[in-house]
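Q: For reference, the structure I am asking about is given below.
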Amino acid sequence: MSLSADPILRISFILLLGISFSTILIFIFERKNNGNVKNFWDSFWYTLVTLTTTGYGDISPSTILGRLVGIITMAFGVIVVAAVTGQIASFFVDQQMRRGKGLLKLKNLKGHYIICGWKKDFEKIIDGIFEANPDFDGADFVLINSVSSEYMEMFLSNPKYKMMNYIHGDYIDEEVLLKANIKTASRILILADQSSNYSEMEIDSRTVMAVLTVEKLNRSIYSAAELLDKKFENYLEIAHCDEVLLTKEYERKLIVNASSGTGVSHVIMDLLSLEDKKGIIIQDIPENFIGVSFKKLFYNVLENENNILIA
């Protein structure tokens, strides 16, 4: 991020000009009548102290013309300080507005998590992602979508999400992905996007195009993509997508299993639950059990964690 060059250059030029004129005039008017102004350094020191309204009082003009220059220098200092303060305030306000509208190009992000697209239960999805990824904080997430800027500004104003990064644009566009530092990201989730009035075929086609573009830009990224129609699954496999989420297919199978009255839906919901570590927990094998039999680790997990080890 940088302040706009033109206003800063203009202010710097005017400031340099003002300091030069004041230093020269004070030296001319005061050197013969003021024992405190013996050289250019004394004049320059007085100008800086007066310009910044510090006013040490160790050097002060004694002639009418010198005092007139001092008055002008003081007024000039107030104007310059106001101009600089205004530029800085304007810069931060502009950055905040651009951030809310998703217009900033992100820099210095590494190992971050990109979430593409938007759905009607977007806030709940984000809350769940936070819960499932406790090692990431808000600043590690980048949202990419093309919903209205008013919605995203309101979303990012929520204290829970204010640290999240946002890029406004179409996530199938390579330039938009590059703005999100796709090349250094560690994970990406592509939702079945509902930000526009797309048909189901258009949504899935865009998902496939997005995965192809992502894999082209970052071969090592872990990608997960949501599909509405199973027939597109093969295209994502060809594109080397790591996880394919067939949400409608899962929903259909859940309903069918529930109709049998076996209670399978309760088991599935418990396995997927993130609450109180009831579901499937994926964790590394403890170092002291590497090379040890599965049986010993199984009983260790059962006794100490009250969990069942699945291998």
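Q: Evaluate the following for VAL292: is it open to solvent by less than 100 Å² (accessible area, probe 1.4 Å), modelled with pLDDT under 65 and not in a strand (DSSP E or B)?
A: When the stated conditions are applied, VAL292 does not pass them.
Q: Within segment 191-204, does at least one residue satisfy the condition of being farther than 26 Å from LEU246 by Cα and among the aliphatic types (A, V, I, L, M)?
A: No; the residues of segment 191-204 include none that is farther than 26 Å from LEU246 by Cα and among the aliphatic types (A, V, I, L, M).
Q: Please go through segment 195-243 and give me each residue that is closer than 18 Å to VAL176 by Cα and assigned to a loop (DSSP other than H, G, I, E, B), ordered by number.
A: SER195, SER196, ASN218, ARG219, ILE221
Q: Before we move on, is ILE79 modelled with pLDDT of 80 or more and in a helix (DSSP H, G or I)?
A: So ILE79 fits the description; yes.
Q: Here is a further query. Starting from residues that are out of contact with any strand residue (DSSP E or B) (no Cβ under 9 Å at 6 or more places or on another chain) and part of a loop (DSSP other than H, G, I, E, B), keep the ones in segment 117-129 and report whichever is least open to solvent (accessible area, probe 1.4 Å).
A: Step by step, filter segment 117-129, then rank; the result is ASP121.
Q: I would also like to ask the following. Filter segment 153-170 down to the residues that are closer than 16 Å to ASP193 by Cα, outside any loop (DSSP other than H, G, I, E, B) and more than 13 Å from the chain's Cα centre (by Cα) and list them by number.
A: none
Q: Determine if segment 199-210 includes at least one residue that is open to solvent by less than 10 Å² (accessible area, probe 1.4 Å) and within 22 Å of the chain's Cα centre (by Cα).
A: Among the residues of segment 199-210, at least one is open to solvent by less than 10 Å² (accessible area, probe 1.4 Å) and within 22 Å of the chain's Cα centre (by Cα), which makes the answer yes.
Q: Taking the residues in segment 179-194 that are in a loop (DSSP other than H, G, I, E, B) and not aliphatic (A, V, I, L, M) as candidates, determine which candidate is farthest from GLY128 (Cα to Cα).
A: ASN181
Q: Out of everything in segment 49-62 that is loosely packed, with under 15 Cβ neighbours inside 10 Å and of a type outside the set (Phe, Trp, Tyr), what residue ends up being farthest from LEU16 (Cα to Cα)?
A: Step by step, filter segment 49-62, then rank; the result is SER62.
Q: Among the residues of segment 27-42, which ones are outside any helix (DSSP H, G or I) and either in contact (Cβ under 8 Å) with a residue 40 or more places away in the chain or open to solvent by 90 Å² or more (accessible area, probe 1.4 Å) (or both)?
A: ARG31, LYS32, ASN33, LYS38
Q: Can you tell me how many residues in segment 130-176 are open to solvent by less than 20 Å² (accessible area, probe 1.4 Å) and in contact (Cβ under 8 Å) with a residue 60 or more places away in the chain?
A: 3
Q: Just a yes or no: is a residue in segment 8-26 out of contact with any Lys or Arg (no Cβ under 9 Å at 6 or more places or on another chain), part of a helix (DSSP H, G or I) and either closer than 30 Å to VAL142 by Cα or at pLDDT below 75 (or both)?
A: Within segment 8-26 (the criterion being out of contact with any Lys or Arg (no Cβ under 9 Å at 6 or more places or on another chain), part of a helix (DSSP H, G or I) and either closer than 30 Å to VAL142 by Cα or at pLDDT below 75 (or both)), the answer is yes, since at least one residue qualifies.
Q: In this structure, does LYS230 turn out to be open to solvent by 30 Å² or more (accessible area, probe 1.4 Å) and in contact with a helix residue (DSSP H, G or I) (Cβ under 6 Å, 6 or more places away or on another chain)?
A: Answer is yes for this residue.
The values are calculated or read from the model by the stated rules, or taken from the named source; none is laboratory data. A quick note: this is a predicted structure, and the numbers were derived from the prediction, not measured. No Cβ is skipped: glycine too gets one built from the backbone with ideal geometry, and neighbour counts run over all protein chains shown. Accessible surface is based on the protein model in full, side chains and every heavy atom, while ligands, DNA and RNA are left aside. Shrake-Rupley method; radii C 1.70, N 1.55, O 1.52, S 1.80 Å.
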